[in-house]
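Here's the structure, in structure tokens; my notes come after.
Rule-based calculations on the coordinates, nothing more; no lab input. Predicted, not measured: the structure shown is a model, and the values here were computed from it. Here the Cβ is made from the backbone with ideal geometry for all residues, glycine too, and neighbour counts use every protein chain on show.
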Amino acid sequence: MRAQLSVALGLLLALLADPSGACVESVYRARVYERSSGELLYVEHHHDVVCDEDPLQSLVVYLGPDGDTLATKTLDFSRHLIQSDVLLDDRRTGYREGAVVQGDSIEMFRRLEFGAEENRDSMHPQRLAAIDVGFDHAVRTYWDLLAAGSQLEFDFAVPDRMRSFHFRIRRLDDPHQTLQLRIEPANWWLRWGVARIDICYDVTSRRLLTYEGITDMRDERGAATGHGSNLIMRRLDACYLDRCGSSVACRRDKSTKFGCMSSQGSDAGLARRANDAYWWDRQSERTQGCGRIHAPHAASPDGSVDEC
């Protein structure tokens, strides 16, 4: 809890220290399900400081289905968007992992449980390299090339394995409302045994909507989850908050998008980027172009309002 509060204070200080007022706090939520069964595994609460449209720092709090805090993750993008410093700390078992850029190398570390020795290793990238959510920023950086059908190869640092993997990102189909991409090993023979990652973006906002693949979270026994056949489906909540105020609900307007409004129902609380949130079709259990979701939706019974 102390580390979590320290990071939250750091995010606040980053906001207050910005003389231009160009930094804002972005708060949103994502739910993670076991892909085959649709079981809710955990919920991610994201608290980001965004300056001039780029993230500066981020705190992710992982909550179990019962609301208990499972783990926290901190990310620092101040030096590099694609190669962010990252620390994941599991409060249940003491498992922790992370990566820090040191000169031309990436230092990775891992501790399996409370009291265990911390293992360290380093990698020296020979090409574009990404850490954690850095792949998302790589997609944004090379968006036009990927949307046009070009492939992007990069090294992905994985502290859980204490090594890096050579991956590629490629487009799955022509982009319309969404851009669907696949992350997979660059070597064709490794694709037979390594699970792919499918990601889906909204074309207008270029926001990541769904993620299907492996996860860096572990279960209560410290065993890795989201590997092999036990893959996860992560989706951004329909309610996306961006300084909407203390009492907020999400509404669906005639254009089938969601926006933020105050508890009085006025549009005064409309956030600057609230309409970047995505519409989830409760009847068909499909996102617009992102594939089928085998999980309950957050919409209210009448489909009109989602509580945040």
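The table that follows gives values for the structure above.
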| read-out | value |
| --- | --- |
| Linear extension gain, residue 127 paired with residue 113, 0.36 nm per residue minus alpha-carbon span | 1.8 nm |
| Fewest-first sequence of 52, 198 by Cβ atoms within 10 Å of each Cβ | 52, 198 |
